[in-house]
1. What tally of residues in the range 95-124 results from selecting those that are without any contact (Cβ under 8 Å) to a residue 40 or more places away in the chain, acidic (D, E) and surrounded by fewer than 16 Cβ atoms within 10 Å (Cβ to Cβ)?
2. Modelled with pLDDT under 80 and over 17 Å from T159 (Cβ atoms), is that true of R89?
3. I need a count of the residues in the range 107-136 that are outside any helix (DSSP H, G or I) and either closer than 10 Å to L148 by Cβ or within 27 Å of the chain's Cα centre (by Cα) (or both).
4. Given (1) of a type outside the set (V, I, T); (2) open to solvent by 80 Å² or more (accessible area, probe 1.4 Å); (3) closer than 18 Å to N69 by Cβ; (4) not in a helix (DSSP H, G or I), where does M56 come up short, assuming only one miss?
5. Are any residues in the range 62-83 more than 21 Å from the chain's Cα centre (by Cα) and either open to solvent by less than 50 Å² (accessible area, probe 1.4 Å) or under 17 Å from D7 (Cα atoms) (or both), and if so, which ones?
6. Could you list all residues from the range 30-46 that are in contact (Cβ under 8 Å) with a residue 12 or more places away in the chain and of a type outside the set (V, I, T)?
7. State which residue is farthest from S97 (Cα to Cα) when the search covers only the range 142-160 and only residues that are without any contact (Cβ under 8 Å) to a residue 40 or more places away in the chain and open to solvent by 60 Å² or more (accessible area, probe 1.4 Å).
8. When the residues of the range 28-53 are filtered to those that are of a type in the set (S, T, N, Q) and open to solvent by 50 Å² or more (accessible area, probe 1.4 Å), which remaining residue is farthest from L10 (Cα to Cα)?
Amino acid sequence: MGTDEIDPGLAELCEREHARLVGLLALYTGDRAVGEDLAQETLLRLHQHWPRVRDMASPHAWLSSVGLNLARSWWRRRFAEQRAHSRLRRAPLNVPSPEPSDVVAIRSAVAALPPRERAALVLRYYGGLSVAETAEALGCAEGTVKSLTYKAVAVLRTTVDVREPWETPRV
């Protein structure tokens, strides 16, 4: 058999087990689309391990086990995501929402910055990148990122009332 040919036993087992796996995994996860994705992943694993699985007494049981393991991993990821989102929601910043007119003024001021300063500012403060990550994204030195960011913030401070949340308002 060549590398492009599928073992007829593998193809037959996939056809026979696909619907059962989708049903089993959809029922376990509560989501048909997730069940279909996990069934596909399970059959991919079957293909990868076919030389070993082919000789097993119950490939059917092996498929069920692999499918359920994949579903358990899916649940763990989902719960971890939910916990992370929950932690983010529980720790709100005590920063008041900006006035719409302030948002427009800031956007206009940012748009008026030179392109490299604007890029450094957006990557650092909106994109949440570190100085090193921003330097890599811009293809420049970290010191250049610091300088560009400093200049951009200085311009914004003179253009609009931009300050850190802990700073007192200017009078």
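1. Taking the range 95-124 as the starting set, the residues that turn out to be without any contact (Cβ under 8 Å) to a residue 40 or more places away in the chain are 96-101, 103-104, 107-108, 111, 114-124.
Subsequent filtering for residues that are acidic (D, E) retains 99, 117.
Of the ones still in play, those that are also surrounded by fewer than 16 Cβ atoms within 10 Å (Cβ to Cβ) are 99.
The number of residues fulfilling the criteria is 1.
2. Details: modelled with pLDDT under 80: yes; over 17 Å from T159 (Cβ atoms): yes.
Yes; evaluated as a whole, the condition is true for this residue.
3. As a first pass, look at the range 107-136 and keep what is outside any helix (DSSP H, G or I): 112-114, 127-130.
Narrowing further to those that are either closer than 10 Å to L148 by Cβ or within 27 Å of the chain's Cα centre (by Cα) (or both): 113-114, 127-130.
The qualifying residues number 6.
4. (2)
5. If we filter the range 62-83 for residues that are more than 21 Å from the chain's Cα centre (by Cα), which is where we start, we get 62-69.
The answer is W62, L63, S64, V66, G67, L68.
6. Taking the range 30-46 as the starting set, the residues that turn out to be in contact (Cβ under 8 Å) with a residue 12 or more places away in the chain are 34-36, 38-39, 41-43, 45-46.
Residues satisfying the conditions are G35, E36, L38, A39, E41, L43, R45, L46.
7. The residue in question is E142.
8. From the range 28-53, those of a type in the set (S, T, N, Q) are 29, 40, 42, 48; that's our starting set.
Next cut, open to solvent by 50 Å² or more (accessible area, probe 1.4 Å) only: 40, 48.
On the way: Q40: 14, Q48: 11 Å.
By that ranking, first place goes to Q40.
The values are calculated or read from the model by the stated rules, or taken from the named source; none is laboratory data. Being a predicted model, the structure only gives us computed values, none of them experimental. Backbone-built Cβ (ideal geometry, glycine too); neighbour counts: all protein chains shown. Ligands, DNA and RNA are stripped out before the accessible areas are found, and what is left, the full protein with its side chains, is counted by its heavy atoms. Shrake-Rupley method; radii C 1.70, N 1.55, O 1.52, S 1.80 Å.
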